[in-house]
1. From B:CYS254, B:CYS280, B:CYS293, grab the single residue that is within 14 Å of chain A (Cβ to nearest Cβ), open to solvent by less than 10 Å² (accessible area, probe 1.4 Å) and modelled with pLDDT of 85 or more.
2. May I ask you to list the residues in segment B:124-153 that are assigned to a loop (DSSP other than H, G, I, E, B), of a type outside the set (Lys, Arg) and open to solvent by 20 Å² or more (accessible area, probe 1.4 Å)?
3. Going through segment B:15-29 one residue at a time, which ones are over 25 Å from B:ARG113 (Cα atoms) and touching a strand residue (DSSP E or B) at 6+ places or on another chain (Cβ under 8 Å)?
4. Take A:ILE216 and tell me if it is away from every other protein chain (no Cβ under 14 Å) and touching a Leu at 6+ places or on another chain (Cβ under 9 Å).
5. Identify all residues within segment B:302-319 that are part of a strand (DSSP E or B) and open to solvent by 30 Å² or more (accessible area, probe 1.4 Å); write none if there are none.
6. Among all residue pairs at least 6 apart or on different chains, which show Cβ distances below 6 Å where the first residue, located in segment B:42-65, is over 12 Å from B:VAL90 (Cα atoms) and the second is assigned to a helix (DSSP H, G or I) and not β-branched (Val, Ile, Thr)?
7. Here are A:SER194, A:SER206, A:SER212, A:SER188: which of them is of a type outside the set (A, V, I, L, M) and outside any helix (DSSP H, G or I)?
8. How about segment A:153-170: which of its residues are surrounded by 21 or more Cβ atoms within 10 Å (Cβ to Cβ) and in a helix (DSSP H, G or I)?
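The values are calculated or read from the model by the stated rules, or taken from the named source; none is laboratory data. What you see is a predicted model; the values in this text were computed from it and never measured. Backbone-built Cβ (ideal geometry, glycine too); neighbour counts: all protein chains shown. The area values use the complete protein model at the heavy-atom level, side chains included, leaving out ligands, DNA and RNA. Shrake-Rupley method; radii C 1.70, N 1.55, O 1.52, S 1.80 Å.
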Amino acid sequence: MDFVTYWNSLTWEKAFRIYWYFFIFELTRFVTLEYVVLWRWKYRRRRDRDKYQEATFRLFQEAPFVSIIVPGKNEGKHIYKLAKSLQNQTYRNFELIVIDDGSDDETEKICNTLSKNGFIDLFIRNYVRGGKASGANLAFRYSKGDIVVHLDADCSYSNDAIEKILVPFYFEPNIGAVGGNVQVRNESESLATSLQSIEYQNVIGSGRVVTSELGIYRIVSGAFGAFRRDILDRLGGWDIGPGLDGDITVKIRKLGYQVRFAPDALCVTSVPNTFRKLAKQRRRWDKSLIRFRVRKHKDVFVPNKAFQIPLFLSFVENVTFNLILNVKWYLYIVDMMINFSNMLGTIILMNLILYTLANYFKLIFFAPFRTSFRESWLGQVIYVPLSAIYTGYFLRIVRTYAYIAELLFKSSYKDPWNPGKTSFYAKARRI
Amino acid sequence: MNVKLKKPAETGLKSDKVWCHHELRFYLWDNLDPIDVFNLSDYDAVIISSQNVDLIKEKVKRFRSWSSSEIHLKPLFIIGSGSLINDPMVKGLVDGSLVSESHIDGIADVVRRIHSRKMKLDARLPSTFEGQLVNKLLGFAYTRSLEEINPVLNKESITGYVYPMLSINFLREEEGTQYQILNLMEEEGLLDGSFQDRVYICPSCSSGFLNYREVCSKCSSTHLHADDVVHHFPCAYIGPMKDFDSDGSGDLQCPKCDKLLHHIGVDYDKPSVVHTCQSCGQIQQNTPVHASCYSCETTVPTEQLQPTEIKSYTITKKGLHVAMNGYSNSEIDTDVVHGAVDLTTFSTILNMEVERASLLGSAKSCLGIINLHNVNQVYNQLGENGAYKLMTELVELVKSSAGRADMICFERAENLLLLQNEISLQEALNTLRSLKLLFNRLFEDRFPNGGVEIDTRSQLLTGGKNAQWHLNELHNAN
Ligand SMILES: [Zn+2]
Ligand SMILES: [Zn+2]
Ligand SMILES: [Zn+2]
């Protein structure tokens with residue numbers, strides 16, 4: 001009953017003083033701005049329907065040769081299913097190149113068999129692991145396609161996914177890369193996967209529509225991304241990861257090309273099914289923000305010849321809403337603890353309610369803008385309240401930990417995800 | 001010197017070609033002598049005299065590949081250049097060498113031993129080629145007291161290995177068949193094999209002379225170019241060696257970051273090798289290996305080559321038994337045919353009859369044979385029981401027409417022995433002629449496509465010779 005009394009006593013002024021964090025960032029950026037942009041996107045999409053049709057027509061008429069590259073370690077078990085599903089694609093003029101990056105399982109045997117039977121066009125095994133970037137680069141080196149599509153072996157692709165990721169190259173001029181829409185396959189496996197599913201659908205499903213629409217789309221997902229061959233040639237392919245997906249996207253934009261998100265180029269992936277595995281994965285992702293935005297590509301903040309406003313904004317947006325907001329959030333908590341310490345519990349609860357309301361709004365009102373395999377979003381209704389805790393606390397703590405570790409200790413260079421031999425050089429060259 | 005050389009008086013051959021040593025007569029066969037091996041069956045041994053390895057080889061092969069055991073088991077020696085005998089094939093086929101005439105005493109015992117062992121052998125010539133080879137191989141091993149039949153490496157052989165006494169019976173391109181014969185003999189328990197080596201031979205011609213090479217998995221071209229894959233760690237560039245050595249200077253420079261590569265394992269490594277087909281451009285890593293046959297030019301993936309085990313063989317007890325009693329590739333046990341006696345009994349009675357005949361002096365008895373060529377096919381068609389029924393029927397047929405006190409025996413499933421007492425050779429031959437007609441009619445009526453052919457023979461018993469001698473005479477009288 002205290003809470004109801006409290007609610008009634010709130011004035012707008014007071015509410016903003018206490019919940020400024022929510023109002024400024026969450027409500028403005030992630031709800032209002034996105035909602036407006038989504039409407040604009042929808043409007044333009046309807047308006048350009050014929051143009052899209054024509055782009056599709058030109059794609060099939062020109063039928064560029066596409067190289068689908070799948071680098072990875074110990075992915076053999078997924079390859080047959082992947083190859084089979086690629087055979088059902090609406091777009092057919094492609095080659096499939098699989099790179100085995102030093103697997104220590106049956107991958108070599110499986111892929112040799114598949115390649116002998118025509119499921120794989122080219123299979124190369126590295127007997128010594130070289131890391132994800134070198135795997136992709138090796139596939140790229142021997143690929144022949146005008147467009148290179150990078151896939152993850154453990155994802156499932158909808159039958160028109162390849163077609164849909166290619167159309168943007170014909171829809172707009174000057175497109176350098178197109179990212180696909182990655183959603184969660186094992187949504188119902190555990191609480192962790194359910195929450196990630198909601199997150200993917202917000203961050204990727206609608207979030208990337210928004211960033212793409214604003215021209216600040218920043219990561220062409222490694223699980224599903226298409227690149228123009230001539231641009232990859234100029235860049236010499238990928239650089240050492242982690243975060244190589246974001247890195248190459250920035251480099252493509254630095255060259256002056258547009259990068260687009262294709263929401264209807266759908267694929268689903270399995271996400272970590274426990275919070276512990278999830279934390280590990282996110283630590284790696286979050287460290288790359290520091291490494292690539294702040295350290296390697298810090299030149300985008302410097303006004304010089306290569307300066308581009310969208311790229312600058314993209315970086316500012318990214319750094320603000322991740323790194324700086326993270327710091328601000330702690331400032332906010334400190335502010336609350338000092339000035340409103342007597343009602344801290346109420347404030348936290350109130351915050352959760354506000355975030356949950358915002359999430360419900362997005363779940364319901366963003367639904368028409370999302371593309372997914374899912375028939376209905378109703379199943380997610382019960383997870384929305386937890387989603388606020390998941391993004392507000394769990395992800396934030398993981399992120400803070402990762403940022404501190406990376407800023408202070410450059411720990412991503414020690415990440416076992418890359419072989420030690422490559423990390424050593426990456427660190428020495430400050431990349 | 002206890003060497004006594006006598007000039008033989010009874011031979012029409014030039015006497016300096018025949019050396020006598022005690023009871024043994026050696027024929028010295030030199031380069032210029034045009035005589036052929038079948039004219040040499042009367043000699044106890046033959047000594048080949050030649051300087052020419054090829055001629056020696058040819059003569060030895062002609063001897064050993066002859067079908068009659070009188071020729072192919074003949075003791076053979078080489079005189080003169082002893083070093084010539086290093087040829088593995090010749091070495092495996094001759095019984096020794098001597099430097100000069102004066103060493104003849106040293107080989108006399110070898111000749112005697114071979115002869116005495118040969119007397120114990122079954123001298124009949126089996127009707128099938130396989131049977132003849134089995135007999136020959138076992139007979140040779142037995143008379144030479146060979147404990148093992150060993151494979152010999154031979155670059156002139158199409159499969160790379162020879163078993164001299166077996167291989168000489170084949171044309172070079174058919175040598176692969178020798179392994180089938182050996183396998184058959186091992187299956188039948190005549191030989192006991194132990195592994196020595198494995199060879200891969202062409203599936204179409206059995207040749208072991210194969211050229212193994214990597215081929216393009218797409219177009220099977222052999223024109224492939226292999227290149228190391230180089231990974232430059234600092235920039236993650238990875239590609240074939242040629243990308244790093246564009247000017248051909250040998251200095252490796254990264255095409256992506258322009259840095260020079262320094263130390264393998266430190267700033268770069270070579271994680272893989274990639275083959276590029278120069279015919280179709282296909283990039284590949286696991287190039288299949290194909291074998292191309294030098295003999296027939298067939299090219300097959302190595303998985304399709306026939307792995308053939310090369311073994312050393314010892315002769316089993318059963319093998320020895322077969323060497324002495326003959327080989328039949330029929331499974332039929334001839335000892336249990338109703339109305340006939342078994343071979344042992346028949347031989348005993350035959351011996352007794354010979355004794356009786358020589359004692360009486362005037363007594364006339366005949367030993368006859370009825371050969372049923374190709375009858376095994378009919379047996380196979382009839383099955384075991386049917387075959388026994390037919391054999392019983394044949395025995396009945398003989399009994400009903402051959403008169404009194406006769407002894408009948410299936411020596412093997414393919415021939416019948418008849419002992420007819422108190423009968424002239426003419427009468428015996430007449431009986432056999434009518435039996436031949438009856439048999440022919442029976443087989444033509446019942447098995448018109450069986451292809452069975454009958455022939456008969458008969459001889460008077462000779463006093464002082466045993467049953468084995470008589471049987472040998474009967475089989476060898478062509
Ligand atoms: Zn480099
Ligand atoms: Zn080829
Ligand atoms: Zn061949």
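1. Values: B:CYS280 fails: open to solvent by less than 10 Å² (accessible area, probe 1.4 Å); B:CYS293 fails: within 14 Å of chain A (Cβ to nearest Cβ).
The unique qualifying residue is B:CYS254.
2. Taking segment B:124-153 as the starting set, the residues that turn out to be assigned to a loop (DSSP other than H, G, I, E, B) are B:124-128, B:144-147, B:150-151.
Now narrow it down to the ones that are of a type outside the set (Lys, Arg): B:125-128, B:145-147, B:150-151.
Answer for segment B:124-153, where residues must be assigned to a loop (DSSP other than H, G, I, E, B), of a type outside the set (Lys, Arg) and open to solvent by 20 Å² or more (accessible area, probe 1.4 Å): B:LEU125, B:SER127, B:THR128, B:SER145, B:LEU146, B:GLU147, B:ASN150, B:PRO151.
3. At the first step, the residues of segment B:15-29 found to be over 25 Å from B:ARG113 (Cα atoms) are B:15-16.
Within segment B:15-29, B:ASP16 is the sole residue that qualifies.
4. Details: away from every other protein chain (no Cβ under 14 Å): yes; touching a Leu at 6+ places or on another chain (Cβ under 9 Å): yes.
Here the answer is yes, as A:ILE216 does meet what is asked.
5. The first filter runs over segment B:302-319 and keeps only residues part of a strand (DSSP E or B), leaving B:306-315.
Once the filter is applied, which keeps residues that are part of a strand (DSSP E or B) and open to solvent by 30 Å² or more (accessible area, probe 1.4 Å), segment B:302-319 yields B:GLN306, B:PRO307, B:GLU309, B:LYS311, B:THR314, B:ILE315.
6. Within 6 Å, the pairs are B:VAL46/B:LEU40.
7. On the way: A:SER194 fails: outside any helix (DSSP H, G or I); A:SER206 fails: outside any helix (DSSP H, G or I); A:SER212 fails: outside any helix (DSSP H, G or I).
Sole residue among the options that is of a type outside the set (A, V, I, L, M) and outside any helix (DSSP H, G or I): A:SER188.
8. A:ALA161, A:ILE162, A:LYS164, A:ILE165, A:LEU166, A:VAL167, A:PRO168, A:PHE169
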